[in-house]
1. Out of segment 291-306, which residues are under 28 Å from the mean Cα position of the chain (by Cα) and surrounded by fewer than 16 Cβ atoms within 10 Å (Cβ to Cβ)?
2. Just give me the residues in segment 58-74 being without any contact (Cβ under 8 Å) to a residue 40 or more places away in the chain and in a helix (DSSP H, G or I), in sequence order.
3. Out of curiosity, is Cys106 over 30 Å from Arg218 (Cα atoms), in contact with a helix residue (DSSP H, G or I) (Cβ under 9 Å, 6 or more places away or on another chain), assigned to a helix (DSSP H, G or I) and not acidic (Asp, Glu)?
4. Looking at segment 83-99, is at least one residue closer than 30 Å to Leu51 by Cβ, more than 27 Å from the chain's Cα centre (by Cα) and touching a residue at least 60 places away in the same chain (Cβ under 8 Å)?
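Taken together, the values in this text are just the output of simple stated rules run on the coordinates, not laboratory data. All values reported here derive from a predicted model rather than from experimental measurement. Please note: Cβ atoms are built from the backbone with ideal geometry, for glycine as well, and neighbour counts cover all protein chains shown.
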Amino acid sequence: VELHNGGFWRPKSLLDTAGFTLSFNTRLRKNHQDSRALWKREAVQKYLETLSKEYQQVSDRLSANSITDFELRTLRRRHADLSPIAAAFQEIKEAEGEVQELEAMCRELDSRDEKQLLELALEERETVDKRINTLCRKLFQLLVPKEKYDRSHVILEVTAGRTTGGDICQQFTKEMFEMYRSYADYKRWTFDVVNYTPAEIGGLHHAAAHISGDDVYRHLKYEGGTHRVQRIPETGLSSRMQRIHTGTMSVIVLPQPEEVDIKVDPKDLHIDTFRAKGAGGQHVNKTDSAVRIVHLPTGLTVECQQERSQQINKEIALRTLRAKLYQQVIEKQISQEQNARKLQLGTRAQSERIRTYNFTQDRVTDHRIPYDARNIKEILSGKEALDKLINRVLESAEIEAVTEYLENLQALERGDC
């Protein structure tokens, strides 16, 4: 951690909170709590009281006449940081006062003549209670140190895993890719397919897409990992025997800042061109428009075959290569501090799965938070149900980040650091 201007402690930068993103999948299984529970913690209340007092002190200082230009700029930045936090904190306190008044009213309304009034008071209490929950979520979003890449565009890759039989992995991989395509449309993002390698029987081996829009990485960063599917294959011997098969597919989400400071020496690249495969029109089998680039020092390979122009495919492939090389830099820095597993992908073992899609029970389970949904089709449609799941994961991650943040502060106060 480091000391911020004005005595405010902030976590030490690890590509902002990239290290937290990495450890989230394993830590949250044990530490889950909701925003309201965190709000009630004494340490949180004490910390927010401190910030509110500091906000008032900064406000008073800004109204003073004898301050230097440098101090004025510093105080204004601090005031801007603290203002929404102090406002949300005060609003929650006032809402809790409303709840106490309504509860006192309900205790007094016990006669039959006052039944209707009691129902109205209980209904109002429920409304205020929901507002407090929303405000708590908003407050902790303000407290969480912002990740450097939250606003970035992303490269999203899906890869079919292995199964005990059938083609469920390839089919599931295709469904997942279409789910993210639909989700991008739901969020009004741009979804550009970079690579698409179909399987023989209607499924998908591998695909990649460049997704751009508002806060894309923030919403998709926890989708990276191993996703497990359990279903009875629709065709083949297994379908007739009604046997449930288990398979996996992996998702990788790479942040792609607008300017990636990664230099690639053309001498380190081996570039091949070939004819594109799959859907794409008459040019597919007539021109060598597809491009494959191998980065010789690392062995990284990227392909792009979606555009008719070989030059455009080459530019997209180079952009994807830079994003992958940049991700290696992030992974190296994180592993140096946390000795963590490989980022997101791990070993693709089922024990590392982040989510299970059980078609026979029509159930989706996220293993990082206590969340089950009985609507696989709705989630795979990539709309409101998926957005709700993603936001639940985000909320839990934010709460975990605030908890870790407060633990750092308390350690500093005890002199542990």
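1. Thr298, Leu300, Thr301
2. Our first condition is that a residue be without any contact (Cβ under 8 Å) to a residue 40 or more places away in the chain; within segment 58-74, this holds for 59-73.
Those that are without any contact (Cβ under 8 Å) to a residue 40 or more places away in the chain and in a helix (DSSP H, G or I): Ser59, Asp60, Arg61, Leu62, Asp69, Phe70, Glu71, Leu72, Arg73.
3. Numbers: over 30 Å from Arg218 (Cα atoms): yes; in contact with a helix residue (DSSP H, G or I) (Cβ under 9 Å, 6 or more places away or on another chain): yes; assigned to a helix (DSSP H, G or I): yes; not acidic (Asp, Glu): yes.
Answer is yes for this residue.
4. To start, the set of residues in segment 83-99 that are closer than 30 Å to Leu51 by Cβ comprises 83-99.
Those still in the list that are more than 27 Å from the chain's Cα centre (by Cα) too: 90-91, 93-99.
Adding the requirement that they be touching a residue at least 60 places away in the same chain (Cβ under 8 Å) leaves none.
No - not one qualifying residue is present in segment 83-99.
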